[in-house]
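The values are calculated or read from the model by the stated rules, or taken from the named source; none is laboratory data. Just so it is clear, the structure is predicted and the values come from calculations on it, not from any experiment. So basically every Cβ, Gly included, is an ideal-geometry build from the backbone, and we count neighbours across all protein chains shown.
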Amino acid sequence: MRRDMTQRTSGIKKFLLLSLSALLFLAKFIGDVVVSKLDIEMGMLTVLQVVLTAGAFVCLYLYIEKVWRRDRNVVRKMGFALVLTLVVGLAGLILYTISSTGFDIKNEYALPQGFESIVFANLYAVVFGTTALFVLLTVRDIIMSKRRKETKRNFRIFLLVFLGAIVVTLPYRPFESGPVISVSFTLLIFAILMNSFRLSWIVYLTKREKLIAMSFSFILFVLYIPIYVTSVGESSLIAQSLSYYSRQLATFISGTTLFAATYFGMTFVTTLFHLPTAEAFDRKNIEVLSLHNLGKLITRVFDFQELTDLVTRMTLEVCEAESAWLEVRDEEGPSRGMGRAAENPESSPVRTVSLQNIDIQDIGAIVGFDNGAIRRMVSETRRPVVIDQVAGDDRTKHVKIIAGKINSMAIVPLVSHDDVIGILYATKTMEFGFDREDADVLSAFADQVSIALENSRLIGKSLERERLMRELLLAQEMQRKLLPQELPSLPQVEIEALSTPAFEVGGDYYDFTMLDDEHLGVIVGDVSGKGVSAALFMAEMKGIFLSLSRRHTSPRDFLSEAHSSLLGTMDRRTFISLIYAIVDLRTGVMRVARAGHCPMIFRSGGMTRFVKPTGLGVGMGSKEFFSRTITEDEIRMSSGDVAVFYTDGVTEARQENGEEFGYRKLEEIVARSGAGSALDIRDRIVLAVDTHLGHKPPDDDLTIVVLKWLSEHTHP
Amino acid sequence: MSTFKIEQRENNAINVLDLKGYLDAHTAPELEKMFQSLIDNNRFRIIVNCRDLTYISSAGLGVFMAYIEDVRKNRGDIKLSNMSAKVFNVFDLLGFPLLYEITTDEAEAVRKFQNPK
């Protein structure tokens, strides 16, 4: 709403200004006609005429400022000025040819010879005056396009002097002269010259633009000289018409045309002298732009290979090289630096990650010479090296195979945090192809490349971490699904179990199976290590359990076979601790074997003890040794007896102060559980561990399996 | 959190590693590097003194399993000594005493090297 309002008010203002100036022009015209018809004393009316003219032009100026578009393109501005000048000049010429009456110069007054003269004078005044205004504003904008501290000040001085030169003509008659006029004119020339050296914008044009500017300014210069002459001569009809209309306006117009002629003349000469260096300047600009572009691209390209290819392509562009390649140091070296004094460079593997217009074999031949002497040289000095004549230089004269294609080289180290993380190479067919500027540009370029490469690596690592996180979560899910989805429901025995996985993927495992109608198998285990590999071994264990358990009525036989099977898959540092019990459901006899796992807790009558048959962890030792050392215990269960299996997540659950839950505590809970059900006992243990941990989540998987024998009838 | 340090010394031409602190998944690689460098330098007679070892996890136990074969292939051994009751229990549950010689003190381990039976 507000914007509309201001737009409308400014629209109204513009309209008002334009109308006002039009009105004032009209008033002036009427005034001129009236004055010519009557023979009135000039004095007073002159003042009125001056005021009207000034007012009209001030309103016009204000209006123009409001609609003036600040186009920053100087060449386009000059084009505009040129077109305007040509059009108006042509119009003026036409007007001139069709007018027949002029002015009488008597007593230095200009007296119109007819009504026609007045009309034409007004026309000339308005058209040329307006044009002069446009041209002045154009020159002002061109001058201000590349300003320094003094620029505005100098222009203001010019305006002041110009105003002064206009104002001092007030007391004079149209063609009268005097010393003041001469002085003010001289000052004006100085002011114009002072502002005509503001030409630094020329430097920044492209070569093509410079050529256009040169042409435009030449034409403008050539046009404005005669225009200026026409505007001042006493004999010129146009000059007479303008002076008649308003000497101040005539001064304004002639002053402006003089300014234009001078400025454009200077522009022409300057652009002419800038042409020979225009190409070199353009080249430099391209280099700067390339650097800027790379800077922008850096923030967008994260894929390492994409980035390195971009780098080598841009290297070609930036220094107009024929071929380029990039070597980076692999991070997995023992030290993070290349070519540090004490370290062996060979220990830091370097690989070529991107190349343009060259073969990998050629690269090897060039760089590999003397065990990477060139690399060493650059890594030690951390400065770019330029080889002007490859054939003649000691460091590269071995490079005979590519003679003809490569005659100069630039080698630039990429340094990040004081380490040389890579090397950039560029070659040219020409000798002495890389000058000092090229080396500087390549260095600046290399700095940006270093940053980009580091960024890419860091992001790669961070993405890697994310990926690992996701995999971890996936493995956790997998693992959960491998555990029993429901517990066996049997009349002879109460079974309760619980397994809570830790955040990181662990390796706890438990399972049940009916070996036949009368035998229940219960297995609890813990895969060493964490992560996806642990989960995979657990899955394998489940497979082995499901497929092989039925083959053995003896738990130690099963564990031996499991050990044999798994030896092939597991590496030496991995093992699985297991405890496996087979319960005869008719007799209540439990046979239990333990492969490196936590001992079973057995409560019978008033006694609670640990059942700990000998046995290595599965995966430890040879097949024979494992089978030889594993034993089996046999336990007769009576009604009410309780067997508890668990993993070390329970006993090793650690408090903040480092204290572990411990075996004693666990044994006590089972001992004191009285007539409690399996569920009861399980929950008591869980609660106790939770309390011990201060209700904080545990670090490791926790598994508890409780068996309570119910059957009263036991068959011997 | 997990502080772990290994100090190396020699005792009668046998390399002794003093383990101090927590040996878990984070710190196990350090022990691995140590074993590897000993093997690389043909030092196959090793005693691991566990006096200041406060905790060992399955990852730590795995490290011993990983290197024992190489060491024994070269007629050497890794003997363990000076374990606290708690740490011994962890080794014991897994059956380490069946595979390794675990002595109460270092001197005994040295003797076992000198008089293998």
Worksheet entry | Condition met for A:THR513 (more than 23 Å from the chain's Cα centre (by Cα), touching a residue at least 12 places away in the same chain (Cβ under 8 Å) and more than 25 Å from A:SER547 (Cα to Cα)) | no
Worksheet item: Name the residues in segment A:599-622 that are surrounded by fewer than 24 Cβ atoms within 10 Å (Cβ to Cβ), aliphatic (A, V, I, L, M) and modelled with pLDDT under 95, would you?
Response: A:MET607
Practice prompt. Could you check, for segment B:65-84, whether at least one of its residues is within 14 Å of another protein chain (Cβ to nearest Cβ) and either touching a Cys at 6+ places or on another chain (Cβ under 8 Å) or assigned to a strand (DSSP E or B) (or both)?
Written response: yes
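Is it fair to say A:GLY422 is assigned by TED's automatic domain parsing to the domain that holds A:LEU326 and touching a residue at least 12 places away in the same chain (Cβ under 8 Å)? It would help to see each step written out before you state the result.
Values: assigned by TED's automatic domain parsing to the domain that holds A:LEU326: yes; touching a residue at least 12 places away in the same chain (Cβ under 8 Å): yes.
Answer is yes for this residue.
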Worksheet item: Does A:LEU559 satisfy the condition of being within 14 Å of chain B (Cβ to nearest Cβ) and either buried (at least 17 other Cβ atoms within 10 Å of the Cβ) or closer than 24 Å to A:MET514 by Cα (or both)?
Response: yes
Worksheet item: From the list A:LEU205, A:LEU310, which one is modelled with pLDDT of 85 or more, hydrophobic (A, V, I, L, M, F, W, C) and assigned by TED's automatic domain parsing to the domain that holds A:VAL126?
Response: A:LEU205
Item to complete: Could you tell me whether any residue of segment A:563-576 is more than 22 Å from B:PHE64 (Cβ to Cβ) and crowded, with 23+ Cβ neighbours inside 10 Å?
Response: no
Response to the item:
A:ILE576 meets each of (1) within 14 Å of chain B (Cβ to nearest Cβ); (2) over 60 Å from the mean Cα position of the chain (by Cα); (3) not hydroxyl-bearing (Ser, Thr, Tyr) with one exception, condition (2)
Item to complete: Please go through segment A:526-539 and pick out each residue that is more than 12 Å from every other protein chain (Cβ to nearest Cβ) and either surrounded by fewer than 18 Cβ atoms within 10 Å (Cβ to Cβ) or modelled with pLDDT of 95 or more (or both).
Response: A:VAL532, A:LEU536, A:ALA539
Worksheet item: Any idea which residue in segment B:50-64 is nearest to the other protein chains (Cβ to nearest Cβ), counting only those that are part of a helix (DSSP H, G or I) and under 13 Å from the mean Cα position of the chain (by Cα)?
Response: B:GLY62
Worksheet item: Is there a residue being more than 13 Å from chain B (Cβ to nearest Cβ), of a type in the set (Val, Ile, Thr) and under 25 Å from A:SER560 (Cα atoms) anywhere in segment A:626-633?
Response: no
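Looking only at residues that are within 12 Å of chain B (Cβ to nearest Cβ) and assigned to a strand (DSSP E or B) in segment A:601-625, which one is nearest to B:PHE96 (Cα to Cα)? Lay out the reasoning, then the answer.
Our first condition is that a residue be within 12 Å of chain B (Cβ to nearest Cβ); within segment A:601-625, this holds for A:610, A:612-622, A:625.
Pick out the ones that are also assigned to a strand (DSSP E or B) and you get A:610, A:618.
Values: A:PHE610: 19, A:VAL618: 12 Å.
Ranking the qualifying residues of segment A:601-625, first place goes to A:VAL618.
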Worksheet entry | Those residues of segment A:134-152 which are over 16 Å from A:PHE264 (Cα atoms) and in a helix (DSSP H, G or I), in sequence order | A:LYS149, A:GLU150, A:THR151, A:LYS152
Worksheet item: Somewhere in segment A:587-600, is a residue closer than 17 Å to A:VAL522 by Cβ and among the polar types (S, T, N, Q)?
Response: yes
Worksheet entry | Single match in A:VAL644, A:VAL650 (criterion: surrounded by 19 or more Cβ atoms within 10 Å (Cβ to Cβ) and in a helix (DSSP H, G or I)) | A:VAL650
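Which of the residues belonging to segment A:504-525 are under 15 Å from A:LYS481 (Cβ atoms), of a type outside the set (Gly, Ala, Ser) and within 14 Å of chain B (Cβ to nearest Cβ)?
Our first condition is that a residue be under 15 Å from A:LYS481 (Cβ atoms); within segment A:504-525, this holds for A:505-511.
Next, from what is left, pick out any that are of a type outside the set (Gly, Ala, Ser): A:505, A:508-511.
Residues satisfying the conditions are A:VAL505, A:ASP508, A:TYR509.
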Worksheet item: Given the structure, is A:ASP508 touching a residue at least 60 places away in the same chain (Cβ under 8 Å), touching a helix residue (DSSP H, G or I) at 6+ places or on another chain (Cβ under 9 Å) and closer than 28 Å to A:ASP700 by Cα?
Response: yes
Worksheet item: Failed condition for A:GLY619, given (1) under 20 Å from A:MET538 (Cα atoms); (2) without any contact (Cβ under 8 Å) to a residue 40 or more places away in the chain; (3) small (Gly, Ala, Ser), with all others met?
Response: (2)
Worksheet item: So how many residues does segment A:658-701 have that are surrounded by 18 or more Cβ atoms within 10 Å (Cβ to Cβ) and more than 19 Å from A:MET607 (Cα to Cα)?
Response: 6
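State which residue is nearest to the other protein chains (Cβ to nearest Cβ) when the search covers only segment B:95-112 and only residues that are in contact with a helix residue (DSSP H, G or I) (Cβ under 6 Å, 6 or more places away or on another chain) and in contact (Cβ under 8 Å) with a residue 12 or more places away in the chain.
Ranking the qualifying residues of segment B:95-112, first place goes to B:GLU101.
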Worksheet item: Can you tell which of A:PHE185, A:PHE162, A:PHE218, A:PHE155 is within 22 Å of A:VAL127 (Cβ to Cβ) and either assigned to a helix (DSSP H, G or I) or not assigned by TED's automatic domain parsing to the domain that holds A:ALA91 (or both)?
Response: A:PHE162
